[in-house]
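Bear in mind these aren't lab numbers, they're just calculated from the coordinates by the rules spelled out. What you see is a predicted model; the values in this text were computed from it and never measured. A quick note on method: Cβ atoms are made from the backbone with ideal geometry, for glycine too, and the neighbour counts reach across all protein chains shown.
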Amino acid sequence: MRKAQIKRKTNEVDINGAFVIDGSGQTSVKTGFEPLNHLLTLFAFHGLFDLNLDATGDLPHHIIEDVGIALGKAFKEALGDKAGINRYGSFSATMDEVVVEANIDISGRPKLTCNIIAENKDEIENVLNNGKFDDTSFTHKDAGEFLNAFIQHAGLSLVAIIKSGPEDLHHLLEALFKAMGKALDQATQIDPRRNGVPSTKGIID
């Protein structure tokens with residue numbers, strides 16, 4: 001079973017837990033931020049990953065970023081040498097009026113890209129720039145901090161495409177994290193036809 005411990009302790013945060021790639025979607029997530037708890041629960045549930053996470057710290061910025069760092073490192077460790085994995089995954093998730101597509105490459109070259117191709121691009125940009133997650137202070141910048149840290153330390157390329165919507169930031173981020181979980185589930189699955197690492201270089205950093 002591909003799994004790793006989540007552990008990060010600094011002068012600012014204390015993060016502990018466990019991550020299992022070959023899981024069943026069981027979660028227990030406590031970060032101190034209900035929106036992030038919700039998004040990570042959706043990510044793990046739909047990706048069929050088991051995630052146990054307990055994080056405390058001083059400032060919201062530190063906790064959110066360091067949760068991304070810790071989870072990214074655990075994800076990379078759990079993948080091991082990446083032999084036999086599909087490497088690529090793509091999934092388009094619908095949440096009411098919102099459609100978000102997540103495209104993943106376990107490339108070893110971290111990169112986060114977000115494109116908006118919906119007709120109401122201006123409306124979506126306004127929600128991204130000014131929207132809050134329900135009645136909380138959580139914004140898309142907070143989600144971006146987590147994602148950038150996670151992707152950097154997991155060694156992933158993620159291209160997110162917003163195709164439709166949204167009415168609010170909650171639905172937009174929910175669709176994104178669901179799609180990311182499903183796409184990573186595809187990318188981490190073992191292809192029995194594949195011998196070794198899925199790269200002509202013979203290695204994925």
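Listed here are the pairs 9/178; 3/76; 3/82; 73/111; 73/201; 9/30; which of them are more than 19 Å apart at the Cα? Check vs 19 Å cut-off fails for 9/178; 73/201.
Fewest-first ordering of 1, 95, 180 by other beta carbons within 10 Å of each residue's beta carbon gives 1, 95, 180. Residues of segment 135-151 falling in the label zone of residue 10, defined by backbone nitrogen less than 13 Å from a point 7 Å along Cα to beta-carbon, are 146, 149-150. Put in line by how crowded their Cβ is, counting other Cβ atoms within 10 Å and starting with the fewest, 2, 194 read 194, 2. Mean residue ellipticity at 222 nm, helices only, the chain: -12500 deg cm²/dmol; runs of at least 4 DSSP H residues each add -39,500 (n - 2.57), and the sum is divided by the number of residues. Here the ratio of the Cα radius of gyration of the chain to 2.2 N^0.38 Å is 0.99. Along its principal axes, segment 1-89 has C-alpha extents of 40, 23, 20 angstrom, given from the largest down. Here is the size of segment 1-44 from its Cα atoms: Rg then Dmax, 11.6, 34 Å. Could you tell me how far the Cα centroid of segment 2-23 sits from the Cα centroid of segment 41-77, in Å? Using only Cα atoms to place each centre, the spacing works out to 7 Å.
Within the chain, antiparallel bridges make up roughly 75 percent of the DSSP beta bridges whose residues both belong there.
Among 61, 140, a tally of other beta-carbon atoms within 10 Å of each Cβ gives an order, fewest to most, of 61, 140.
For segment 92-205, the ratio of Cα radius of gyration to the globular rule of thumb 2.2 N^0.38 Å stands at 1.18. Take every Cα pair under 8 Å whose residues are at least 6 apart in sequence, average their separation, divide by the length of the chain, and the relative contact order is 28 percent.
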